[in-house]
Structure formats: C-alpha cells, structure tokens
Amino acid sequence: MNLPIAYCDFNATTPLREKVKETMIEAMDIFGNPSSSHSTGRQARGYLEKTRDILAQTIKVEPEDVVFTSCGSESNNTILKHHQKTGAKIFVSAIEHACILNSLPEADRLSVLENGEVDTNYLKNKLEKTRKSFNGPIVVVVMYANNETGIIQPIKEIVEISKYYNALVHCDAVQVLGKVNIDFNNLGVDSLSFSAHKIGGPKGVGAYVAKPQLKVEPLIHGGGQERGNRSGTENVIGIAGFGTAITESLSDDWSKIELLRNMFEDESKKIIPGFFIHGKKSNRMKNTSCFAMPGFINKMQVISFDLDRICVGAGSACSSGKSKPSHVLSAMGVDEDLAYHSVRVSLGWSSTEEEVKRLIKSCKDIYSRSQNKRIVA
Ligand code: PLP
C-alpha cells in the first residue's frame, strides 16, 4: 500500500483548507458580476467586501486601501511598474522573489549579509550617495521573509534608514500574511503585497495595499474595477476563499509547527555528518528549514524524497527546473557546492510528527545511499 504524501513544501504553495473549500463552493452559486448594481451583483460584491474587510482588519488598514489582484506576482509588478514610471531610482534586495527581480532587471541590487539579512550599512551608503545627486523618488524593495530560507528581514530598521533619505519602501509580504502580526502603519512601509495560495487559499488570487498618496498607476486598464486600481471582473470565488484562508490562518498553532521544524533539524543534525542549516541563528519563519546535506545534489535529493512520498523544495518553486544554484544562497555568500546540496523543508498547519519522523528517516536513507554511490554536481 502506498504511503500517504507527506507534504513539506508549504512555502511553494499550500493545500486548500477545508473551510476555504466550503466558502468557495458556496460562492460558486453566486454568479453575479460584482460591478452590477442589481441584487445578484450586490450578492457577489458582498463576498469581495467581506474579504476586503478581513484583510484590512488583519493588517490594520482601511478596507478601501485593499486592491485585489490575480496573484502576488501581479501585486508586486503593479507597485514596481508604477515606481518605474515615476522615474524613481529603485533598489531591490538581491534575494527577492523572481517576480520582483525579473520585473526590474536593471534595478540596483542591495547586498545581503551572511545571515541572510539585507546589509543595512550598504543600504545607507547607497541612499546617501544617491540622495546627494538625485532629487527624484527613491524606492527600496525588500521582502518581509524569504521564501527559500525563511529569514525575516529587519524591515523596521530598513524603513527607518529609507525614510531618513526620503525613500519609499515596498515590501513583499507574500510569505508572512497570517503568520506574523502585520500593522501596516506601524511597520512604516508604503506598500505591501500578498497572495492567497500561501495560506490555504486558492491560487490566482492576490492583493496589495499602498498608501493613498502613492496614487499607484494600474497595471491593467479597463472597466475601472477595484476603485479604478485594477480593471477586470474580480475573481469572486477565489477572493471569497482568500477571506476564509486569512481568518483560518490566524489560529494556526505556530509553536507546534516550530517544534516540528526544530525536531527535524535537531534529529537530522545528530545523524547526518555535515548536515548544515542555513540561517540557523537568524530570525526565521518558524516553519522553514533550508538545509544542505552532503552527497546527492539537491535535485536528486528532491527526487529521492519524492520516491519516499515526501514533497520538499529545492530553491524557489519557480526556479526549481533550472540548474543554477539558488540566487538567495549565492547572495548570502554560500559556497556553490553547499548551495547545490541545499533543500527546503517548509511545514504548515497540517504537518504532523509522523510526517517529520518520515522526513528524518528519509534524510538518513538518502544520505546513506549517497555515501555508497556519490554523485557529484
Ligand atoms: N513573493 C514571494 C516571496 C513568493 O514566495 C511568491 C510565490 O512563490 C510570490 C511572491 C509570487 O506569488 P504568486 O505565486 O501568487 O504570484
């Protein structure tokens, strides 16, 4: 009999939560166009506004500040393309998700330290120099937490430095919604982006919030939905599910998830010589373990885990088909060989001790096999 899948790749995407599924099934019967003023349209609009309220309350903004999009990538692209159009000088951390790096290939990169945090001295120097010769808008783009390593950025410090030089800050919060407390105004950033499928919601739904004074230029023009900020009839079913996903994620037991992650790391370290954890001493998301195991390269490791019916990630989901080492680990100065042997485990609300025990055993078996037949990158 086949073992059940042990899904340990929550940072890539998450299973749809049962309650989310229920909400979406209910919303499937609501076919009205949310822009129509008749009762069927208003019924559909009700689903949008409910989720808008939930997200607004969660991050402490006004509901009208929330703009729904088709994904986290679109949210990030909207903000970045807006800044680009204003002629801003844009600085982007070197460890951002591909939807940011590839959206602004020409933007200056901000280096990170060995611990995975943006080098704030480097940022200060860059802003100091730029401000001396440039009066226009400056924008700093730094993610809240990295999807590969789970390392959390010192956002408040980055905001403080940026504000001193009158620079705007955009923060990709896709990995942290529902996992850390976000207070938009207190954080001090100018815009944040989100995605539903990282928290048990559906794929293809995202959102952003931005300070009204930014006057973000829409990426998609048309019928003026979302108060003119994002045209296109809203994905009512998906957005309805997003709302339930946010509510549900707020009661996830993160201390349990952290215990499981730590159990995985502690046990694996005991039994596998050379088992290395990236960012072990850094402020990390409690569910993420990015580790390197000697022996097989990471692609082989992922296949081996898969054969044991365990899903883990190698690099970011979008780049796992490529044979380059992770740009995140490279930016942290991780040795290329170590980067090629690095794998990401990311747990979630449905993870169990049983699954983590299987993961540890699988690590041990893969390592043992690799020592009998070493395959080099
Ligand atoms: N930003 C981060 C940090 C991510 O991890 C992801 C998804 O992997 C995205 C943005 C893109 O989100 P979406 O898949 O909704 O476009």
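The values are calculated or read from the model by the stated rules, or taken from the named source; none is laboratory data. All values reported here derive from a predicted model rather than from experimental measurement. Note that we place each Cβ from the backbone using ideal geometry, even for glycine, and neighbour counts take in every protein chain shown. What goes into the accessible areas is simple: the full protein's heavy atoms, side chains included, and nothing from ligands, DNA or RNA. Shrake-Rupley method; radii C 1.70, N 1.55, O 1.52, S 1.80 Å.
For the range 180-256, trypsin sites (Lys or Arg not before Pro) meeting the loop criterion (DSSP other than H, G, I, E, B) and having at most 14 other Cβ atoms within 10 Å: Lys215.
Across the protein chains, with a 1.4 Å probe defining accessible surface, the residues His221, His97, His82 rank His221, His97, His82 from largest area downward. From helices alone, the chain scores -12000 deg cm²/dmol at 222 nm; the rule is -39500 (n - 2.57) for each run of n ≥ 4 DSSP H residues, then divide by the residue total. Rounded to the nearest 20 debye, the dipole size of the chain about its Cα centre is 620 debye, using +1 on the Cβ of Lys and Arg and -1 on the Cβ of Asp and Glu. Helix 254-271 and the longest principal axis of the C-alpha atoms of the chain enclose an angle of approximately 30°.
The residues neighbouring Ala56, those whose beta-carbon lies less than 13 Å from its own, together hold a net charge of -3 under the Lys/Arg +1, Asp/Glu -1 convention.
Here the calculated FRET efficiency for Lys215 and Asn166, from their Cβ-Cβ distance with R0 = 22 Å, stands at 0.80, rounded to the nearest 0.05. Solvent-accessible area of Val174, all protein chains in place: 20 Å² (probe radius 1.4 Å, heavy atoms, ligands and nucleic acids excluded).
At an R0 of 35 angstrom, the distance between the Cβ atoms of His38 and Asp253 translates into a FRET efficiency of 0.20.
Residues whose amide H lies under 5 Å from that of Arg284, counting only those 5 or more places away or on a different chain, are Ile152; hydrogens are built 1.01 Å from N in the peptide plane. The 1.4 Å probe gives accessible areas that order Asp190, Asp119, largest first, as Asp119, Asp190. Determine, at each q value in 0.19, 0.21 (inverse angstroms), the log₁₀ of I(q)/I(0) that the Debye formula gives when each Cα of the range 256-363 is one equal point scatterer. Relative scattering, expressed as log10 I(q)/I(0), comes to -0.98, -1.21. Our estimate of slack between Thr130 and Asp108, defined as 0.36 nm per intervening residue step minus the Cα-Cα distance, is 6.8 nm.
Cα centroids of the range 1-36 and the range 199-245: 18 Å apart.
For the chain, carbon and sulfur atoms together expose 52% of the accessible surface, with a 1.4 angstrom probe and every protein chain in place. The figure for Cys99 is an accessible area of roughly 20 square angstrom, using a 1.4 Å probe on the protein chains alone.
For the pair the range 156-182 / the range 270-297, the C-alpha centres are spaced 27 Å from each other. Placing Tyr122, Tyr164, Tyr208, Tyr144 in order of accessible area, with the largest value first and a 1.4 Å probe, yields Tyr164, Tyr122, Tyr144, Tyr208. The angle separating the long axis of helix 72-85 from the principal Cα axis of greatest extent in the chain is about 60 degrees. The residues of the chain have, on average, 44 Å² of accessible surface per residue, using a 1.4 Å probe with all protein chains present. Largest GNM mean-square fluctuation across Asn181, Asn229, Asn76, computed for the chain with C-alpha springs under 10 Å, falls on Asn181. For the pair Asp335 and Asp308, the difference between a 0.36 nm per residue extended length and the Cα-Cα distance amounts to 6.9 nm. Percent of C-alpha pairs per 20 Å bin in the chain, short distances first: 29, 54, 17, 0. Computed as a quarter of the hull surface, the mean projected area of the alpha carbon convex hull for the range 79-129 stands at 3.8 nm². In the complete set of protein chains, residue-level accessible area for Glu353 is approximately 100 Å², probe 1.4 angstrom. Angle, helix 298-307 long axis vs. longest principal axis of the chain, Cα atoms, 0 to 90°, nearest 10? With rounding to tens, the tilt is 80 degrees. Estimated from the Cβ-Cβ distance and a Förster radius of 41 angstrom, the FRET efficiency linking Asp183 and Asn372 is about 0.20. Build a GNM of the chain with springs between Cα atoms under 10 Å apart, and of Pro294, Pro63, Pro212 the one that fluctuates most is Pro212. Within straight-line reach of Lys85, meaning a Cα separation under 28 Å, sit the following lysines at least 8 residues removed in sequence or on another chain: Lys124, Lys126, Lys129, Lys132, Lys156, Lys163, Lys211, Lys215.
Put simply, the amide H of Gly232, placed in the peptide plane, has neighbours under 5 Å in Gly223, Gly224, Gln225, leaving out anything fewer than 5 places away on its chain.
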